[in-house]
1. Taking the condition of being farther than 20 Å from Met19 by Cα and not basic (Lys, Arg), how many residues in segment 87-111 meet it?
2. Taking interchain pairs and intrachain pairs at least six residues apart, which have beta carbon atoms under 6 angstrom, with the first residue in segment 87-106 and among the charged types (D, E, K, R) and the second assigned to a helix (DSSP H, G or I) and at pLDDT 85 or above?
3. If the requirement is being over 25 Å from Gly133 (Cα atoms), among the small types (Gly, Ala, Ser) and at pLDDT 75 or above, which of these qualifies: Gly70, Gly105, Gly97?
4. Report, by residue number, each residue of segment 19-35 that is β-branched (Val, Ile, Thr), surrounded by 14 or more Cβ atoms within 10 Å (Cβ to Cβ) and not in a loop (DSSP other than H, G, I, E, B).
5. If you check every pair at least six apart or on different chains, which have Cβ atoms under 7 Å apart with a residue in segment 126-145 that is surrounded by 14 or more Cβ atoms within 10 Å (Cβ to Cβ) first and a residue that is in a helix (DSSP H, G or I) and among the basic types (Lys, Arg) second?
6. Would it be correct to say that Leu78 is at pLDDT 75 or above and either more than 30 Å from Lys114 (Cβ to Cβ) or touching a Cys at 6+ places or on another chain (Cβ under 6 Å) (or both)?
7. Going by the conditions given, is Val132 of a type outside the set (Ser, Thr, Tyr), assigned to a helix (DSSP H, G or I) and farther than 17 Å from Pro23 by Cβ?
8. What do you reckon, is Val57 farther than 17 Å from Thr11 by Cα, of a type in the set (Val, Ile, Thr), out of contact with any Ser or Thr (no Cβ under 7 Å at 6 or more places or on another chain) and without any contact (Cβ under 8 Å) to a residue 12 or more places away in the chain?
Amino acid sequence: MIELMQAHWLTVLIIGFTMLITPMYWFLVPNRKKAIFMVWLTAVVAGFLLTANLYNVTGKLGPLEGALIGALWIVFPLLIWIKREWFRGLSQRSLIGLQIFRVIGGLFILEMAKDNIPASFAMPAGIGDITVGVTAFILVISFKEIPR
């Protein structure tokens, strides 16, 4: 995150805006009770990760850094899997359509080209985001109903 702050102010503004607005997407698809739960879960997780990154918590953990990152990759998908009944019957088309905005990940590659952020972050994040955004766009315009 610190490296990101060296990026152009407009890039930081756009990425910050998407981080703040992302929890609101939950209100577009599931019912209100589920949306509130997912907004709080998203806010807590994002707040925890941002704080840990700004205070370099993982860098201070030494060998436990990998365990913490691995736990995050397991715990939060596990929570969603446990609550999977909540997600049955949701509009797949709406959920996929929400991912189109991720093409802004191309900003990471532009900032990398200007030596503002490291390639080790920019390439996987930028290419991954662009791929997800373009694929989501293709799926949304190709199918009236997204097959399960």
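The values are calculated or read from the model by the stated rules, or taken from the named source; none is laboratory data. Please read all numbers here as calculations on a predicted model, not as lab measurements. Glycine also receives a Cβ, built like all others from the backbone with ideal geometry; neighbour counts cover every protein chain displayed.
1. First pass over segment 87-111, keeping only residues farther than 20 Å from Met19 by Cα: 87-93.
In the following step, the residues that additionally are not basic (Lys, Arg) were identified as 87, 89-92.
Residues that pass the stated criteria total 5.
2. These pairs meet every condition: Arg102/Asp129; Arg102/Val132; Arg102/Gly133.
3. Numbers: Gly105 fails: over 25 Å from Gly133 (Cα atoms); Gly97 fails: over 25 Å from Gly133 (Cα atoms).
Residue meeting the stated conditions: Gly70.
4. Step one: of segment 19-35, the residues β-branched (Val, Ile, Thr) are 21-22, 29.
So of that shortlist, the ones also surrounded by 14 or more Cβ atoms within 10 Å (Cβ to Cβ) come out as 22, 29.
Scanning segment 19-35 gives a single hit, Thr22.
5. Pairs found: Asp129/Arg102; Val132/Arg102; Gly133/Arg102; Val140/Arg93.
6. Yes.
7. Spelling it out, Val132 is indeed of a type outside the set (Ser, Thr, Tyr), assigned to a helix (DSSP H, G or I) and farther than 17 Å from Pro23 by Cβ.
8. Numbers: farther than 17 Å from Thr11 by Cα: yes; of a type in the set (Val, Ile, Thr): yes; out of contact with any Ser or Thr (no Cβ under 7 Å at 6 or more places or on another chain): yes; without any contact (Cβ under 8 Å) to a residue 12 or more places away in the chain: yes.
Yes; evaluated as a whole, the condition is true for this residue.
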